[in-house]
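Trainee: Have a look at this one.
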Amino acid sequence: MQLSTQALTVVRGRTPALDGVSLKLERGDHLQIHGPAGGGKTTLLKALAGLIRPSTGTVRWDALDPWALTSADRRAHQRHLGFVFQSDALFDSLTVEHNVRLPLERRGVPDDEARARAREALERVGLTAAALKRPESLSGGMRKRVGLARAVVTAPEVLLADDPFAGLDPDTEREMAALLLEVASARTLLVALPDPSPALPMPHRRLADGRLE
Amino acid sequence: MTPVHVAGRHWLLLTRTVRALRHQRPPLKLVLAQLDELGTRSIWLVTAGMAFFGAVLTTIAWMQARKYIGNVAFAGPAYFQLLVRELGPVVAALLTASRAGAGASAELAAMSVQEQLEALELSAIDPLSELVAPRLIAATLAVPLLCVVGTVAAALAAAGTVFALGGDGSSFIDPRYLTGGDLLSALAKSLVCGVAIPLAACGRALEARGGAAAVGEAVTAGVVDACLLVLVLDFLVTLVFLGLGL
Amino acid sequence: MNPVRLLGRLVLVVSRGAGALALVLARTLLHLPRLRRHELLRALVHFGFDSLPLSLGVAVLTGATVVLQAGVYAERFGARQYAGWAGGYAVLWEFGPLLLGLLLAARVGARNAAELALLQVGGTLEGLRGISLDPFRLLVAPRVVAATLSVAALAGLTFMVAVVVEATVAFFLLRLPIRVLIDSFADLLTWRDALGGLCKSTAFGLAIAVVSTTIGLRARGGATGVGRAAAASVVAGAFAIFALDFALTGPLTRWLT
């Protein structure tokens, strides 16, 4: 899937969180977006994922405008997008395995297959042993990995990671970076970070005050 | 924010939730869980609050009656009618708005700032049909029932108080003046409050962004919205019934 | 569960709660002579002034609803001259304090609990203690005082507005001359009735302040904890208001009439 934005502006309150951002990601591209907190990184990633509606400008998934679709159709297409959230966004009331399986549950994937794919995703991030635990009992690094497993369980073409190293120590950060690259492999990968990370060898661009430099 | 603005937001949330319901029905389990929440948690606050309220009203009536009217038992049937038609629905709905409204807005606002709503969307789950709709359905069913329970509690407490003060308490549960219109008015009030409370509580919570501070603000605003809506809707329904002559 | 254990746990919870409330109240009283004026002023604006529109809204709604009901009954029983008395009495003694109290339990109580919970969860209170400053004197006591004063002042204002609204609504909706209403109001009600309502409102304000402070200071655990504290303070505040109303009405009416 090709992801692109054209003159994308998102206004929150009075100030624009994004101010005329144009970006194009071809299939298989890897890119880091870095910049200060409040610069619009999260908003850009969420707009690309169809979670935030543009105030003006457009977002395109290939030639498709996500906001021209019905909400049900949009959610069906979001299967092609994996998102690693800054705050993990795991559900503490569900087991780790159920958290990872959730994106498949409502998409009509047969239960046996969903469980097998969730197990496989957990295995790829090395968390098979934690499958039946609750997310709240895990460390920060492990929670990030659960988030990554959930993001890739639908076998998406694009992986978006919002500050995946937040709150991790340098060793865990390197592990997480290696894992991210391994899981992304041929997929499109867009990572938002406060500073460019040496552990992720890929082009980077700076986003500050809602403008892409 | 103007009243038109507020009304518009709630109307929008209602129509969007109903539309979401048509596409994706919430699991019955979630609706039952919300009913259980209202039934097992809100009911205690409603019952206790309404019992206190009924006792207070008769205490006041008793003191005034001794001064001006003489016999307080005379006011009993009129009090009972006022309780059923007006006070029962509105005060019970306010208590439900405090308990259930605060609970719902706290839970949803915390989910919102922790990006869990967006995680649901990416899991092909519509937050409106999964989180708002069950609360809407449960409250629409349960608030009228809570109003009945609260009204009964207040009436019994009133009768008991008059007995304790040495009067004839049975006149305070005398349905002599009660008409079908009164019951219809009470039902209408509790139904619209049942719809409004979850909408007000969820509306602010879904928009909460930022950190823990936003959660506190969302709870405050959600409960205030819910209580104000209850008062406004109650007044409007009273006006409509007055106009209809029921 | 075994009933004895249940009873024991209940007693424990109640006494622990009462102890915490008493502690907050006692420490506030202790700090009363040397409150930080700056913080007190900030809290007064935040709790009191910012709640003005809400209180006015409540006053209008309460006055209009009460007079509508009172008017209907006055018509039905042919006692128009009592409509003003009934409406005024109901607003002063019961509906004014009760409805305003409930709304302010949400507005002031939840806000106070959320802010204190935020300070607690974020470690600010611990930090102040670390540099040997008393967070209670600096941040907590002024809030308790400001919340109580705010509710009392807003109640006085609400009463006045509600009575004016009553007269207006009675004139336009029930065709009751304003004279009749004000006359019956003036003849049958005295300053004692207003004092009764103010006493109740002040007590509710104190309850809201102490309950929300106690709950806010005990909050733990991030965004969820802050939300829980705010919600719990609304519920506990509402319950406290109804229970206090019950406890105060008898003695107050006996004392004032």
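Any read-out appearing in this document is the output of simple, stated calculations on the displayed coordinates, not a laboratory observation. Small disclaimer: the values here were computed from a predicted structure and weren't measured. As a convention, Cβ positions derive from the backbone with ideal geometry for all residues, glycine included, and neighbour counts pool all protein chains shown.
Trainee: Which translational diffusion coefficient, to the nearest whole µm²/s, is obtained for segment C:155-257 from the Stokes-Einstein equation, given a Kirkwood hydrodynamic radius over C-alpha pairs, 25 °C and 0.890 mPa s?
Mentor: D = 149 µm²/s.
Trainee: Still on this structure, please answer the following. What is the Cα radius of gyration of segment B:128-246 over 2.2 N^0.38 Å, N being its residue count?
Mentor: Details: Rg = 18.5 Å, N = 119, 2.2 N^0.38 = 13.5 Å.
Scaled against compact globular proteins, the figure is 1.36.
Trainee: Looking at chain B as a GNM with Cα springs under 10 Å, which of B:S105, B:S185, B:S123 has the largest mean-square fluctuation?
Mentor: Per the Cα network of chain B with a 10 Å cutoff, B:S123 tops the list.
Trainee: Nearest 10 degrees, 0 to 90: what angle lies between the long axis of helix C:37-47 and the longest principal axis of chain C (Cα atoms)?
Mentor: For C:37-47 against chain C, the angle is about 50 degrees.
Trainee: Follow-up question, since we're still on this one. Per residue of A:78-84, how many C-beta atoms from partner chains lie within 10 Å of its own C-beta, taken as a mean? Don't jump to the answer; show the numbers that get you there.
Mentor: Working: counts 4, 3, 0, 1, 1, 5, 0.
That average works out to 2.
Trainee: Here's another thing I want to ask about it. So how do A:M176, A:M1 line up by other beta-carbon neighbours within 10 Å, fewest first? List each step's numbers first, then the result.
Mentor: Details: A:M176 23, A:M1 17.
Least to most surrounded, the residues fall as A:M1, A:M176.
Trainee: Another question about this same structure. Can you run phi through the Karplus equation (6.51, -1.76, 1.60; θ = phi - 60°) for segment B:213-230 and list ³J(HN,Hα) in whole Hz, with x for Gly and Pro?
Mentor: These are the phi-based 3J(HN,Hα) values: 4, 5, 5, x, 4, 5, 5, 4, 5, x, 5, 4, 4, 4, 5, 5, 4, 4 Hz.
Trainee: What does segment C:181-235 give for Rg and for Dmax, in Å, if only its C-alpha atoms count?
Mentor: Values for segment C:181-235 (Cα only, Rg and Dmax): 18.7, 57 Å.
Trainee: Mind jotting down the three principal axis lengths of the protein assembly as shown based on Cα atoms? Whole angstrom, largest first.
Mentor: Here the spans come out as 90, 61, 56 Å, largest first.
Trainee: Under a GNM of chain B (C-alpha, springs under 10 Å), which listed residue has the highest mean-square fluctuation: B:M50, B:M111, B:M63?
Mentor: Most flexible of the set in this elastic network: B:M63.
Trainee: Calculate I(q)/I(0) for chain A by the Debye formula, one identical point scatterer on each C-alpha and no solvent, and give its log10 at q = 0.08, 0.13, 0.14, 0.18 Å⁻¹ to two decimals.
Mentor: Taken in order of the listed q values, log10 I(q)/I(0) reads -0.27, -0.72, -0.84, -1.34.
Trainee: List the residues whose amide H sits under 5 Å from the amide H of A:D29, counting only those 5 or more places along or on another chain, with H placed 1.01 Å from N in the peptide plane.
Mentor: For A:D29, the qualifying residues are A:L189.
Trainee: Restricting everything to alpha-carbon atoms, can you work out Rg to Rh for segment B:16-57 with a Kirkwood hydrodynamic radius? Write down the numbers at each step before the final one.
Mentor: Working: Rg = 16.3 Å, Rh = 12.7 Å.
Result for segment B:16-57 is an Rg/Rh of 1.29.
Trainee: Specify the angular offset, from 0 to 90 degrees and rounded to the nearest 10, of the alpha carbon long axis of helix B:3-23 from the longest principal axis of the alpha carbons in chain B.
Mentor: Taking Cα atoms only, the helix is inclined about 60 degrees.
Trainee: What dipole magnitude, in Debye to the nearest 20, does segment B:96-246 give about its Cα centre under +1 on Lys/Arg Cβ and -1 on Asp/Glu Cβ? Please report the intermediate quantities before stating the final value.
Mentor: On the way: 6 positive and 13 negative charges, 80 e Å.
Here segment B:96-246 has a charge dipole of around 380 debye.
Trainee: What order, most packed first, do the peptides B:225-236, C:239-250, C:190-201 have when packing is the mean number of other Cβ atoms within 10 Å of each residue?
Mentor: Details: B:225-236: 23.3, C:239-250: 20.3, C:190-201: 18.7.
Ranked by mean Cβ neighbours within 10 Å, highest first: B:225-236, C:239-250, C:190-201.
Trainee: Follow-up. I want the local charge near C:G19. Using Cβ-Cβ distances under 13 Å, sum +1 for each Lys or Arg and -1 for each Asp or Glu among the other residues.
Mentor: Numbers: positive: C:R16, C:R27, C:R218; negative: none.
Overall, the nearby charge balance is +3.
Trainee: Any of B:K189/C:K200; A:K46/B:K189; B:K29/B:K189; A:K133/B:K29 with alpha carbons more than 30 Å apart? Name them for me.
Mentor: A:K46/B:K189
Trainee: Filter the DSSP H helices in chain A by two things, a Kyte-Doolittle mean of at least 0.0 and an axial alpha-carbon span of 15 angstrom or more, and list the hits by number.
Mentor: Within chain A the helices that satisfy the rule are A:170-184.
Trainee: In a Debye calculation with equal point scatterers on the alpha-carbon sites of segment B:59-179 and no solvent, what is log10 I(q)/I(0) at q = 0.13, 0.22 Å⁻¹?
Mentor: -0.65, -1.17
Trainee: Now for a different question. For segment C:37-248, what Kirkwood radius comes out of the mean inverse Cα-Cα distance, in Å?
Mentor: Details: mean 1/r = 0.0551 Å⁻¹.
Here the Kirkwood hydrodynamic radius works out to 18.1 Å.
Trainee: OK, next. In bins 5 Å wide, starting from 0, what share of all Cα pairs of segment C:1-150 does each bin hold, as a percent?
Mentor: 2, 8, 12, 13, 13, 11, 10, 9, 8, 6, 4, 2, 1, 0, 0
Trainee: If you place +1 on the Cβ of every Lys and Arg and -1 on the Cβ of every Asp and Glu, how big does the dipole about the Cα centre of chain A come out, in debye to the nearest 20? Spell out each step's value before the answer.
Mentor: Details: 29 positive and 27 negative charges, 102 e Å.
Using Cβ point charges on Lys, Arg, Asp and Glu, chain A gives about 500 debye.
Trainee: I'd like the distance between the alpha-carbon centres of segment A:44-88 and segment C:240-254, rounded to an integer number of Å.
Mentor: One Cα centre to the other: 56 Å.
Trainee: Got a sec to turn the phi values of segment C:12-26 into Karplus ³J(HN,Hα) couplings, 6.51 cos²θ - 1.76 cosθ + 1.60 with θ = phi - 60°, whole Hz, x for Gly and Pro?
Mentor: Using θ = phi - 60°, the values come out as 4, 4, 5, 5, 5, x, 4, x, 5, 4, 4, 4, 4, 4, 5 Hz.
Trainee: Please compute the average number of Cβ atoms from other chains found within 10 Å of each residue's Cβ in peptide A:50-58.
Mentor: Numbers: counts 2, 6, 1, 0, 0, 0, 0, 0, 0.
Whole-number average of other-chain Cβ neighbours for A:50-58 is 1.
Trainee: Positive end of the charge dipole of segment B:3-244 (Lys, Arg +1 and Asp, Glu -1 on Cβ, about the Cα centre): tell me which of B:A97, B:M63, B:G49 has its Cα farthest that way.
Mentor: B:M63
Trainee: Taking the Cβ of A:K24 as the center, what net charge do the other residues with Cβ under 14 Å away carry, scoring Lys and Arg +1 and Asp and Glu -1?
Mentor: Working: positive: A:R27, A:R60, A:R205; negative: A:E26, A:D29, A:D62.
Residues near A:K24 contribute 0 overall.
Trainee: So if I take the centroid of the Cα atoms in segment B:218-232 and the same for segment C:21-65, what is the distance between those two points in Å?
Mentor: Their Cα centres are 19 Å away from one another.
Trainee: Ignore the peptide's own chain and count Cβ atoms of other chains within 10 Å of each Cβ in C:214-227; give me the average, rounded. Walk me through the intermediate numbers first.
Mentor: On the way: counts 0, 0, 1, 0, 0, 2, 0, 2, 7, 16, 10, 4, 12, 18.
Across C:214-227, the average partner-chain Cβ count within 10 Å equals 5.
Trainee: Give the lysines whose C-alpha is closer than 17 Å to that of A:K41, dropping any in the same chain fewer than 8 places away, or say none.
Mentor: Output for A:K41: A:K24.
Trainee: Give, rounded to the nearest 20 debye, the magnitude of the charge dipole that segment A:30-116 has about its Cα centre when Lys and Arg contribute +1 at Cβ and Asp and Glu contribute -1 at Cβ.
Mentor: Numbers: 11 positive and 10 negative charges, 75 e Å.
About 360 debye.
Trainee: Among C:T214, A:T58, rank each residue by its count of other Cβ atoms within 10 Å, from fewest to most, as a rough exposure measure. Let's see the in-between values first.
Mentor: Details: C:T214 22, A:T58 15.
Ranked by crowding around the Cβ, least crowded first: A:T58, C:T214.
Trainee: If I take the Cα coordinates of segment A:1-125 and project them onto the principal axes, what are the three extents in Å, biggest first?
Mentor: 45, 31, 29
Trainee: Using only the Cα atoms of segment B:3-244, what do you get for the radius of gyration and for Dmax, in Å?
Mentor: In order Rg, Dmax, the Cα atoms of segment B:3-244 give 20.0, 69 Å.
Trainee: Further question on the same structure: Relative to the first principal axis of the alpha-carbon coordinates of chain B, what is the inclination of helix B:43-67, with its axis defined by its Cα atoms, in degrees from 0 to 90 and to the nearest 10?
Mentor: Its long axis makes an angle of about 30 degrees.
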